[in-house]
Amino acid sequence: MKQLLGIALATLLITTSLQGCAPVIVAGAATGATIAHDRRSAGTILDDQTSELKINSAIHQDKELMKGARIEATVFNGVALLLGQVPSEQHRKRAAAHARQNVKVKQVHNEIKITEAIGLKVQNNDSAITFKAKSALLRAKGVSSTYIKVISERGVVYLMGLISRAEGNTAAKAVQQVKGVQGIVKVFEYTDT
């Protein structure tokens, strides 16, 4: 009886521990598929993710900067995009300084607005717009959605990517058709310049 109980317990432990493997395998496969369809090298993708994490960490650890502010950084191919709201121009410049300190960042687009921080309702609306914009890019002919990163802030859609001018124009036209989009800002790096 003790041996049967031991076997049952061992089976339960193995089954429970293996259940966590499936999401890891699926996530690894999805990441591999994304890397395979990205124009950036795997090293650049890793650098971008690391830079984004470091910039956001530096900004959010700056307690003086974050008083009454909401700031997020996104990095694509060494280009940092800063979005959010701050109470003053000094706050805006201070956030950009954090981004510029990162050695892997070659350019900073500071789109932070001097105004009150947006609430959850606006953030949720932006999330919905981002989802719809990504869906529109999936349907668009002449551009691969895997080449473009989409971020929305207060109804404005920011498009980042390493693409041709024709692909950028196609992407912007597709996203412009999305309900709720107030404007589009292209933060593209063009491959055909």
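The values are calculated or read from the model by the stated rules, or taken from the named source; none is laboratory data. Just so it is clear, the structure is predicted and the values come from calculations on it, not from any experiment. When we count neighbours, we look across all protein chains shown, and the Cβ atoms used for this are built from the backbone with ideal geometry, even at glycine.
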Every pair of residues 6+ apart whose Cβ atoms lie under 8 Å, when the first sits in the stretch 101-130 and is more than 28 Å from LEU46 (Cα to Cα) while the second is basic (Lys, Arg) and in a helix (DSSP H, G or I): ILE114/ARG92
For ASN56: the one exception among (1) at pLDDT 95 or above; (2) farther than 30 Å from ALA96 by Cα: (2)
Enumeration of residues in the stretch 111-125 that are surrounded by 15 or more Cβ atoms within 10 Å (Cβ to Cβ) and either within 18 Å of GLU52 (Cβ to Cβ) or hydroxyl-bearing (Ser, Thr, Tyr) (or both): GLU111, ILE112
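In this structure, is LEU162 closer than 23 Å to ASN77 by Cα, surrounded by fewer than 20 Cβ atoms within 10 Å (Cβ to Cβ) and in contact (Cβ under 8 Å) with a residue 60 or more places away in the chain?
yes
Among the listed residues VAL143, VAL103, VAL122, which satisfies the condition of being β-branched (Val, Ile, Thr), modelled with pLDDT under 95, more than 15 Å from the chain's Cα centre (by Cα) and within 21 Å of VAL178 (Cβ to Cβ)?
On the way: VAL103 fails: within 21 Å of VAL178 (Cβ to Cβ); VAL122 fails: modelled with pLDDT under 95.
The conditions single out VAL143.
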Top-ranked residue of the stretch 45-70 - restricted to ones that are among the aliphatic types (A, V, I, L, M) and out of contact with any His (no Cβ under 8 Å at 6 or more places or on another chain), ranked as nearest to PRO87 (Cα to Cα): LEU53
Checklist (1) over 18 Å from TYR158 (Cβ atoms); (2) at pLDDT 95 or above; (3) of a type in the set (Lys, Arg) applied to ARG39, failing item: (2)
Odd one out for THR31 among (1) under 30 Å from THR191 (Cα atoms); (2) polar (S, T, N, Q); (3) modelled with pLDDT of 95 or more: (3)
